[in-house]
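Notes follow the structure.
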Amino acid sequence: GRVLRPGGRLVLYGPYFVEGTQTAPSNLAFDASLKARDAAWGVRELGAVTAEALRHGLTRERVVEMPSNNLTVVFVR
(Lines give C-alpha, C1' and ligand atoms only; values in the text may rest on other atoms or scores of the structure.)
Protein backbone atom coordinates (compact mmCIF):
# COMPACT_ATOMS: atom_id res chain seq x y z
CA GLY A 1 0.00 0.00 0.00
CA ARG A 2 2.88 2.41 0.69
CA VAL A 3 4.36 1.96 -2.77
CA LEU A 4 1.24 2.31 -4.90
CA ARG A 5 -0.13 5.70 -5.84
CA PRO A 6 -3.89 6.28 -5.42
CA GLY A 7 -5.58 4.27 -8.16
CA GLY A 8 -2.53 2.00 -8.46
CA ARG A 9 -3.17 -1.72 -8.82
CA LEU A 10 -1.61 -4.85 -7.40
CA VAL A 11 -2.27 -7.91 -9.57
CA LEU A 12 -1.75 -11.41 -8.15
CA TYR A 13 -2.01 -14.68 -10.08
CA GLY A 14 -2.13 -18.22 -8.83
CA PRO A 15 -4.18 -20.81 -7.00
CA TYR A 16 -6.23 -19.79 -3.98
CA PHE A 17 -8.57 -21.56 -1.61
CA VAL A 18 -11.98 -19.89 -1.68
CA GLU A 19 -14.22 -20.42 1.34
CA GLY A 20 -17.33 -22.40 0.51
CA THR A 21 -15.93 -23.62 -2.81
CA GLN A 22 -14.53 -27.05 -3.54
CA THR A 23 -10.95 -26.76 -4.76
CA ALA A 24 -9.33 -28.78 -7.50
CA PRO A 25 -7.27 -31.85 -6.53
CA SER A 26 -4.29 -30.23 -8.28
CA ASN A 27 -4.49 -27.25 -5.88
CA LEU A 28 -4.52 -29.60 -2.88
CA ALA A 29 -1.48 -31.45 -4.24
CA PHE A 30 0.34 -28.18 -4.92
CA ASP A 31 -0.44 -26.97 -1.39
CA ALA A 32 0.93 -30.20 0.10
CA SER A 33 4.04 -29.94 -2.09
CA LEU A 34 4.75 -26.38 -0.94
CA LYS A 35 4.19 -27.21 2.74
CA ALA A 36 6.51 -30.21 2.44
CA ARG A 37 9.30 -27.81 1.43
CA ASP A 38 8.49 -25.18 4.06
CA ALA A 39 5.65 -25.27 6.59
CA ALA A 40 5.10 -21.50 6.15
CA TRP A 41 4.40 -21.93 2.44
CA GLY A 42 1.16 -23.09 0.83
CA VAL A 43 -1.84 -22.05 -1.18
CA ARG A 44 -3.47 -19.10 0.56
CA GLU A 45 -7.12 -18.51 1.40
CA LEU A 46 -8.42 -15.68 -0.78
CA GLY A 47 -10.28 -14.15 2.16
CA ALA A 48 -7.08 -13.98 4.23
CA VAL A 49 -5.16 -12.38 1.34
CA THR A 50 -7.97 -9.84 0.91
CA ALA A 51 -7.98 -9.05 4.64
CA GLU A 52 -4.22 -8.48 4.58
CA ALA A 53 -4.55 -6.20 1.55
CA LEU A 54 -7.24 -4.18 3.35
CA ARG A 55 -4.86 -3.70 6.30
CA HIS A 56 -2.50 -2.02 3.85
CA GLY A 57 -5.06 0.27 2.22
CA LEU A 58 -5.93 -1.89 -0.77
CA THR A 59 -9.41 -2.92 -1.89
CA ARG A 60 -10.14 -6.01 -3.93
CA GLU A 61 -11.38 -4.78 -7.30
CA ARG A 62 -12.01 -8.07 -9.07
CA VAL A 63 -11.27 -11.78 -9.28
CA VAL A 64 -10.95 -13.44 -12.69
CA GLU A 65 -11.01 -17.21 -13.11
CA MET A 66 -8.07 -18.41 -15.18
CA PRO A 67 -7.01 -21.74 -16.72
CA SER A 68 -5.57 -24.53 -14.59
CA ASN A 69 -7.64 -23.64 -11.49
CA ASN A 70 -5.88 -20.30 -10.96
CA LEU A 71 -7.22 -16.84 -10.25
CA THR A 72 -6.10 -13.36 -11.17
CA VAL A 73 -6.87 -11.08 -8.23
CA VAL A 74 -6.74 -7.31 -8.66
CA PHE A 75 -6.43 -4.92 -5.72
CA VAL A 76 -6.54 -1.14 -6.02
CA ARG A 77 -5.25 1.55 -3.68
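Side notes on the structure shown:
- Candidates V76, A24, V63 compared by Cα position along the dipole of the chain: farthest toward the positive end lies V76, with charges placed on Cβ.
- For the chain, projected area of the alpha-carbon convex hull averaged over all directions, nm²: 5.6
- GNM top mover of A29, A39, A48 - the chain, alpha-carbon springs below 10 Å: A39
- Charge dipole magnitude, Cβ of K and R +1, D and E -1 - the chain, Cα centre, debye nearest 20: 420
- Based on protein heavy atoms only, the chain ends up with 70 Å² per residue of surface accessible to a 1.4 Å probe.
- Taking 0.36 nm per residue of sequence separation and removing the Cα-Cα distance, the E65/T21 pair yields an extension gain of 14.5 nm.
- Normalised by the number of residues in the chain, the average gap of Cα pairs under 8 Å and 6 or more apart makes the relative contact order 44 percent.
- Both radii are taken from the alpha-carbon atoms of the stretch 32-77; with Rh as the Kirkwood radius, Rg/Rh is 1.05.
- Full-stretch length increase - T72, W41 - with 0.36 nm per residue and alpha-carbon distance subtracted: 9.2 nm
- Per-residue HN-Hα couplings for the stretch 2-8 [Karplus 6.51, -1.76, 1.60; θ = phi - 60°; Hz; x = Gly/Pro]: 5, 8, 7, 6, x, x, x
- Percent accessible area from carbon and sulfur atoms, the stretch 1-58, protein chains only, probe 1.4 Å: 59
- Relative to the longest principal axis of the Cα atoms of the chain, helix 25-37 runs at roughly 90 degrees.
- The angle separating the long axis of helix 46-55 from the principal Cα axis of greatest extent in the chain is about 30 degrees.
The values are calculated or read from the model by the stated rules, or taken from the named source; none is laboratory data. Bear in mind that the values here come from a model prediction, so they are computed numbers and not experimental data. Virtual Cβ from ideal backbone geometry, glycine too; neighbours counted across all protein chains shown. Please note that ligands, DNA and RNA were not included when accessible areas were found on the heavy atoms of the full protein model with its side chains. Shrake-Rupley method; radii C 1.70, N 1.55, O 1.52, S 1.80 Å.
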